[in-house]
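The values are calculated or read from the model by the stated rules, or taken from the named source; none is laboratory data. Fair warning: this is a prediction, and the values are worked out from it, not measured in the lab. Positions of Cβ are backbone-derived with ideal geometry, glycine not excepted, and every protein chain shown enters the neighbour counts.
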Amino acid sequence: QVQLVESGGGLVQDGGSLRLSCAVSGRFTGTYIMGWFRQAPGKEREFVAGITRSGGATVYADSVKGRFTISRDNAKNTLYMQMNSLKLEDTAVYYCAAQSSGLRIGQGVGNYDYWGQGTQVTVSS
């Protein structure tokens, strides 16, 4: 069993930055491919970014590519996402998730086995 807890969300102006963190319980964070998803009101949860077990490869949704950076520190059991140049359409609840199987970074919610409760990111004009 693994538990994930997101933090770092908040209110930011258009063009601003935030860094999200996800604390992962246990000593073997490197067991999991990790991802960030987001869900805006009235929309389905969508993939934002993913990272391999060692952090050697990443995948980003086209909508955030070049603006967001996912990273991980397995020694600290923590996943991060730096979000720059935030836009109004980035407003959503952001979730971290852990994928226990497979070699490739999953981009669907069904690929992930564990989820955090989410943290709200609101971008204002």
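Per-structure values
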item	result
Members of the range 5-41 that are out of contact with any helix residue (DSSP H, G or I) (no Cβ under 9 Å at 6 or more places or on another chain) and of a type in the set (F, W, Y)	Y32, W36
Residue list for the range 14-43, restricted to those being in contact with a Leu (Cβ under 8 Å, 6 or more places away or on another chain), of a type in the set (S, T, N, Q) and at pLDDT 95 or above	S17, S21
